[in-house]
Amino acid sequence: MIHAPISEELFQRAQHSIPGGVNSPVRAFRAVGGNPRFMVSAKGPYMYDEDGNRYLDLINSWGPMILGHAAEVVNEAVIKAIPNSLSFGAPTRKEVEIAELIVSMMPSIEKVRMVNSGTEATMSAIRVARGFTGRDKIIKFEGCYHGHGDSFLISAGSGAITLGVPDSPGVTKGTANDTLTAPYNNLEAVQTLVDANKGQIAAIILEPVAGNMGLVTPAEGFLQGLRTLCDKEGIVLIFDEVMTGFRLSAGGAQQLYGVTPDMSTMGKIIGGGMPVGAYGGKKEIMEFVAPAGPVYQAGTLSGNPIAMAAGMAMLTYLKEHPEVYTQLEQTSGNMVAGMQRNLQKLGLNYTINRVGSMFSIFFTDKPVYDFESAKTSDTALFGRYFNGMLQRGVYLAPSQYEALFVSTAVTEELVEQYVQASFEALQEAVQ
Ligand code: PLP
């Protein structure tokens, strides 16, 4: 049994000085109950908390630690860069090199701009798409998360053509009116929105493999159908590859599925844990970005030399080691096979969605292909399972509506431990 009194005390203390005690909401464990663990260090597959407990980490900082924590190849690059100053606010050779590297890896990208987070990347990408098309509206999909930019905190409510309603106070009605939403994997709904807003849609943005409603895969023809529609209507197609870029393949989901968007947003993995994001796309669109063009976007710390050093090391490694993806595929496949055995033995309803090293287990007897179907999962059971796993030293994402991210540090032995711990935690959770 794992105890965490120091984490508990820190969480109490944090309530006084940090909203909700955390710097990003999901970390507060509210969806699963219990108190968050305060981490001190991590190496390879493990994280260690303030109480000295060790956890097998299956979130990996929500994706970026694809080579496991404190990977030497990334750490060494960072350590080497530090003595040369933490920031210049002026151009560097590394920025040129990393831009060239990203252009060489991501099929859709001819030019790329560095920013400091995924949120910045998506906010900037839609501003550029609006500037490029001269149109105001965007279409997003229910259950897709694109960071906390105002335009993305919207759900359209029932009826595909109704005006958006802000999900969060502080988002104006004006912003909501410009964001239309459709169910994921529903091309017909998108077509209806486009028809009802002829010549007004600047961009369609989506996670090409959705990871923010739990993992949901694109149905056969969905991405291609969006591509065709955008071509016909002059709409900028944006793939938000903040989670999938460089993870599902060296060229992201767009390479895996063979559909090339007009723009892509990235983050997390570039930087190997440092705060980095990026957006890029076709030359003719990216030429609209200042100072080349009229759409303003800037950042004091953008292209930060330490972050770029980490990013170069990470991306170069991924480009030169395609076996990473073979290993991740095999490890994740074995984890899922073990979970299928567990769930069958226990006679539980389940749907498992997986693409490469991202997967989610839904406790439902329905297939999960959009946000509505994801919501059929038994989230109370998930909460008990999550806490059972935490007690057994396995750190899962603290919400049903998140994916797991496997790193190359997960060995076959750890797969067995995960499967065994899951069996015990599930058995306890259903009692
Ligand atoms: N886009 C996607 C697909 C994401 O998953 C996230 C974050 O999880 C973001 C954008 C926002 O990135 P950030 O948290 O770095 O602002």
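Please give the Cα centre distance for the stretch 213-287 versus the stretch 1-47, rounded to the nearest Å.
So the two Cα centres are separated by 32 Å.
Just subtract the alpha-carbon distance of Leu301 and Glu9 from 0.36 nm times their residue separation and send over the number in nm, one decimal.
That works out to 101.7 nm of additional length.
Antiparallel DSSP bridges in the stretch 72-320: what percent, to the nearest 5?
Close to 40 percent.
Taking each pair of distinct Cα atoms in the chain once, what is the resulting Kirkwood hydrodynamic radius in Å?
22.3
What residue among Ser104, Ser399, Ser264 shows peak mean-square fluctuation when the chain is described by a Gaussian network model with Cα springs under 10 Å?
Answer for the Gaussian network model of the chain: Ser104.
Give me Met114, Met47 sorted ascending by neighbouring Cβ count inside 10 Å, so fewest comes first.
Listing Met114, Met47 from fewest to most nearby Cβ atoms yields Met47, Met114.
Could you work out the local net charge near Gln330, counting Lys and Arg as +1, Asp and Glu as -1, over the other residues with Cβ closer than 13 Å to its Cβ?
-2
Given a Förster distance of 45 Å, report the FRET efficiency between Val96 and Val40 from their Cβ-Cβ distance, rounded to the nearest 0.05.
Approximately 0.75, to the nearest 0.05.
Would you list Tyr145, Tyr418 from fewest to most Cβ contacts within 10 Å?
Tyr145, Tyr418
If you place +1 on the Cβ of every Lys and Arg, -1 on the Cβ of every Asp and Glu, and leave all else neutral, what size is the dipole of the chain about its Cα centre, to the nearest 20 Debye?
Value, rounded to 20: 520 debye.
Could you tell me the ratio Rg/Rh of the stretch 297-424? Both radii from Cα atoms, Rh via Kirkwood.
With Rh from the inverse mean 1/r over Cα pairs, Rg/Rh is 1.06.
For the stretch 72-320, report the % of Cα-Cα distances exceeding 28 Å.
30
For the chain, what is the calculated [θ] at 222 nm in deg cm²/dmol (nearest 500), taking -39500 (n - 2.57) for each run of four or more DSSP H residues and dividing by its residue count?
Helices in the chain give a 222 nm mean residue ellipticity of -11500 deg cm²/dmol.
Percent relative contact order of the stretch 327-385, based on C-alpha pairs within less than 8 angstrom and at least six residues apart?
Averaging sequence separation for qualifying contacts and normalising by length gives 25 percent for the stretch 327-385.
Tell me, what is the percent relative contact order of the chain, built from C-alpha pairs under 8 Å that lie six or more residues apart?
RCO, the chain: 22 percent.
How big is the antiparallel share of DSSP beta bridges in the chain, given as a percent to the nearest 5?
Looking only at bridges with both residues in the chain, the antiparallel portion is about 60 percent.
How big is the gap, in Å, between the Cα center of the stretch 392-409 and the Cα center of the stretch 116-138?
Using only Cα atoms, the two centres lie 30 Å from each other.
Taking 0.36 nm per residue of sequence separation and subtracting the Cα-Cα distance, how much length would be gained by fully extending the chain between Met1 and Glu287, in nm to one decimal?
97.3 nm is the gain from fully extending Met1 to Glu287.
Work out, step by step, the length gained on full extension between Lys366 and Asn177: first 0.36 nm times the residue separation, then minus their alpha carbon distance; give nm to one decimal.
64.8 nm
By average Cβ neighbour count within 10 Å, what is the ranking of 239-248, 351-360 from highest down?
Those peptides, ordered most packed to least, come out 239-248, 351-360.
Based only on other Cβ atoms within 10 Å, what is the fewest-to-most ordering of Leu318, Leu346?
Ordered by Cβ neighbours within 10 Å, fewest first: Leu346, Leu318.
Rank Pro183, Pro398, Pro36 by mean-square fluctuation in a GNM of the chain with C-alpha springs under 10 angstrom and give only the top-ranked residue.
Result: Pro36 has the largest fluctuation of those listed.
Under a GNM of the chain (C-alpha, springs under 10 Å), which listed residue has the highest mean-square fluctuation: Ile235, Ile79, Ile98?
With Cα springs under 10 Å in the chain, the top fluctuation among Ile235, Ile79, Ile98 is at Ile79.
Lysine pairs, Cα distance under 22 Å, 8 or more residues apart or cross-chain: how many in the stretch 72-320?
Qualifying lysine pairs in the stretch 72-320: 28.
Pairs of Cα atoms under 8 Å, at least six residues apart: use those to get the relative contact order of the stretch 1-95, whole percent.
20
What is the spin-label model distance, in nm, from Asn75 to Thr376 if the labels are put 7 Å beyond Cα along the C-beta direction?
4.6
Might you report the magnitude of the Cβ-based charge dipole of the stretch 72-320 about its Cα centre, with Lys and Arg at +1 and Asp and Glu at -1, to the nearest 20 debye?
360
Around Leu101, what is the net charge, scoring Lys/Arg as +1 and Asp/Glu as -1 over all other residues with Cβ under 14 Å from its Cβ?
Neighbourhood net charge equals -1.
No lab work stands behind these numbers, since they all come straight from the coordinates. Just so it is clear, the structure is predicted and the values come from calculations on it, not from any experiment. Positions of Cβ are backbone-derived with ideal geometry, glycine not excepted, and every protein chain shown enters the neighbour counts.
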